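Notes follow the structure.
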Amino acid sequence: MIFVTVGTHEQPFNRVLEYMDNLKRDGKIEDEVIMQTGYSTYEPKYCEWSKMIPYIKMQEYVSKARIVVTHGGPASFIMPLQMGKIPIVVPRQFEFKEHVNNHQVDFVRNIAERMKTIISVLDIKELDGIINDYDQIVDHMQRGLKSNNVVFNQELEKIVDEMFGGKRHK
């Protein structure tokens, strides 16, 4: 299953919904596709969809999905990362009137380059190829999020061990 979410920003994100719907229509996607369409005006004809989906249901869809396609809002792509999945992230773009500026483009590009935990799609025409090659692409990527808490605790433990000569009682 492929789960697509465009978040809850009030500007439509018809571009990604229509593109995915057409991929399904044309048989380029065989997976079931479920979409959360938000404030978009496009109504998919070949995919299951709902305007809004409760958070618990979103978690269920993300958990079951083979692929998650999302917009560039951090809350939408962090959930799949927390579940050990690598999301395909299509940022909303100002030129298509999908957002007030291009901050999602800049943010997504930065995360993709620095963290290497998401697949950034700036040109929608690349989306079908990325979906088709998804398994091969993610084979070489880091899954999930690194917890700063875990790293902090490990470093603190080293410091404490050094301070007490490794004689800490557990």
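Structure summary
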{"item": "Farthest toward positive dipole pole in the chain [+1 Lys/Arg, -1 Asp/Glu at C-beta], among P12, I137, Q154", "result": "Q154"}
{"item": "Separation in nanometres of the label points that stand 7 Å from Cα toward Cβ, at E30 and K158", "result": "4.8"}
{"item": "Charge dipole magnitude, Cβ of K and R +1, D and E -1 - segment 1-121, Cα centre, debye nearest 20", "result": "240"}
{"item": "Global geometry of segment 2-145, whether rounded, prolate or oblate, following the gyration tensor of its Cα atoms and the 1.5 cut on a/c", "result": "rounded"}
{"item": "Gain in span if fully extended, R66 to Q11, counting 0.36 nm per residue against the direct Cα distance", "result": "17.1 nm"}
{"item": "In range of the label at F96: residues from segment 1-31 whose backbone nitrogen is under 16 Å from the point 7 Å along Cα→Cβ", "result": "4-24"}
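All of the numbers you see were taken from the coordinates with simple rules; none came from a lab. Note that this is a predicted model, so its numbers are computed, not measured. Counting neighbours? That spans all protein chains shown, and the Cβs are built from the backbone with ideal geometry, glycine included.
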